[in-house]
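The values are calculated or read from the model by the stated rules, or taken from the named source; none is laboratory data. Quantities reported herein were computed from a predicted structural model and do not represent experimental measurements. When we count neighbours, we look across all protein chains shown, and the Cβ atoms used for this are built from the backbone with ideal geometry, even at glycine. What goes into the accessible areas is simple: the full protein's heavy atoms, side chains included, and nothing from ligands, DNA or RNA. Shrake-Rupley method; radii C 1.70, N 1.55, O 1.52, S 1.80 Å.
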Amino acid sequence: MAKNIILSHDLGTSGDKASLYDENGKLLASTYFPYEAFYPQPGWVEQDPESWWSAICQSTKKVIEEAGISNTQIAGISFSGQMMTLLPVSKDGKILMDRVIIWADSRSTEEGKLIEDTVGWEKFYHMTGAGMAVPLYAIAKILWIKKHLPDVYKNTYKLLGIKDAMVQKLTGNFCTDFSEASNNGLFDINKRCWSREIIDAIGLDYDKLPEQISKSTDVVGYVTAEAAAQTGLAEGTSVVIGGGDVSCAALGAGVVSEGNAYNCLGTASWFAVAVSNPMFDNLMRPFTLCHVIPDTYVVQLAMFSAGVAHEWVKSNLCDAEAMLSKETGKGVYDQYDSKASKVPAGSNGLIFLPNMLPGGAPHNNLDDRGAFVGLKLSNTKDDMLRSVLEGVSFNIRLMCEAIEKQTGLNFEYVNFIGGGAKSVLWSNIQANILGKELRTLELQQEANSLGAAILAGIGLGIFSDFNTAAKEFIKVKDVYVPSATETAVYNEIYPIFSEVYDALVPVNSKLKSFDGRKSE
């Protein structure tokens, strides 16, 4: 039986998606297993690492069953994974924390300040390409663990990214890839290696980092007998290291050549472009990481409150829509879009600031808050629903313009992927706010897993090169052309949106003192 099928896992913030592709890039089956995030204190975001492995095991068995294939037909497995997390792992592969600190966690503010004071923010940024708030990077989180959980740090054999820890459970090998390594604040983006200078300066142990930094297409091991028994994979199946979610999504979105741009709108949203050299801007602070494509970089800005703000509004304001969904069988988000689509561009003067999960681009301010601004008695809930879609899209425009300014490019079109791309309304709104052609893809929800699958295919010799694979397997589904009328309306509101943000900065800073305060 021919081994011509690739299994890819997309380990996201909300769950793991397992997908099977054949050698022609056809999606055979896909399944999703969610897991939980925990918020024990303001600014803390944690996950149970066992939930990742459990999701991988369950989704692997399920997707093989749904596709009706034998596990012996799988040529190899690869990963796309959430980044900015390093897990303390023992020599026998045990993750040494029951709940681990993930990318959105900002508890390590003191450690971030220590890094800035010791290394200097500008030097740190230009060496690592890490442009977001320093406490969000793994370098600060590991310092926090060293200070607050000294026994965990002491007993750590290696610090591994999330997907890398799952690869270790599959193969027994400790390794990472360039895209993952380059987004932790510990990697010299210019020399493409761990920065011993920074690591030594802040008092971390160099030998706790993986010695092996692989190309994203490298086969780094084979499924062990123990892992095979748990996952349903065949023992000896090749494991390709894969890449971080941003770079895998870029590949899966067709961003393979310099100047190609895409926006991913999921829990978070990022705007990114492929370039041939790292790029820096001390004001807007786009960050650079290694692409999964050799000798290429991804320059991007990321906002943290995109789909998560949309989800919050749906969960807290859309009880009636949820009830109607049960009665009609029409999804809650479809009900949401139906109501929001009846509201004119500009939401009748209502502006939504989407910064409910702070620290993201383009402001990098951990004191940020979300807000509805301009509420009048004449406003309706439908106005609020539309303003959320617009507010997220205005913030995406801020990121797009910053990237264009930094790179000197003017994007004719933007490939649009992620959960937000499922919404025709949101796609139209974003095209109108950006004033650019927006293209969604046939596999718009699969960009991460498709990127990981292409990496496995190239690593295993199934695909010849990135450009050929991208042209053959990545197809445009819909094209959204901006409306001159609605774009004109949004061009009027856009500077007001920025003014509103600036006006609330000092207010939000004062409100932070009330976070977590308990009444006596």
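In order along the stretch 345-362, the phi-based Karplus estimate (6.51 cos²θ - 1.76 cosθ + 1.60, θ = phi - 60°) of 3J(HN,Hα) comes to 3, x, 6, 6, x, 9, 10, 10, 8, x, 7, 6, 10, x, x, x, 6, x Hz; Gly and Pro are listed as x. Around the amide H of D218, modelled in the peptide plane, lie the amide H atoms of I241, G242, all under 5 Å away and 5 or more residues distant in sequence or on another chain. The spread of Cα positions in the chain, taken along each principal axis and listed from longest to shortest, comes to 65, 53, 51 Å.
Rounded to the nearest 10 square angstrom, S378 shows an accessible area of 90 square angstrom against a 1.4 Å probe. Taking the three principal axes of the alpha carbon atoms in the stretch 344-422, the coordinate ranges are 44, 30, 22 Å, sorted in descending order. Taken one residue at a time, the phi angles of the stretch 50-66 give Karplus couplings (6.51, -1.76, 1.60, θ = phi - 60°) of 5, 5, 5, 5, 4, 5, 4, 4, 5, 5, 5, 4, 5, 6, 5, 5, 5 Hz. Gly and Pro are set to x.
Rounded to the nearest 0.05, the FRET efficiency derived from the C-beta distance between E235 and D207 at R0 = 30 Å is 0.45.
Using a cutoff of 8 angstrom between alpha carbon atoms and counting only pairs six or more residues apart, the relative contact order for the chain works out to 15 percent.
Computed over the stretch 113-243, the quotient of the alpha carbon radius of gyration and 2.2 N^0.38 Å is 1.15.
Residues whose amide H lies under 5 Å from that of T296, counting only those 5 or more places away or on a different chain, are H291; hydrogens are built 1.01 Å from N in the peptide plane. Only the Cβ atoms of Lys and Arg (+1) and of Asp and Glu (-1) were treated as charged; on that basis the dipole of the chain about its Cα centre amounts to roughly 380 debye. Between Y494 and S70, the simple label model (points 7 Å from Cα in the Cβ direction) yields a spacing of 5.8 nm. Taken over the stretch 273-375, the percentage of Cα pairs per 5 Å bin, counting from 0 up to the bin with the maximum distance, is 2, 10, 14, 15, 15, 13, 11, 9, 7, 3, 1.
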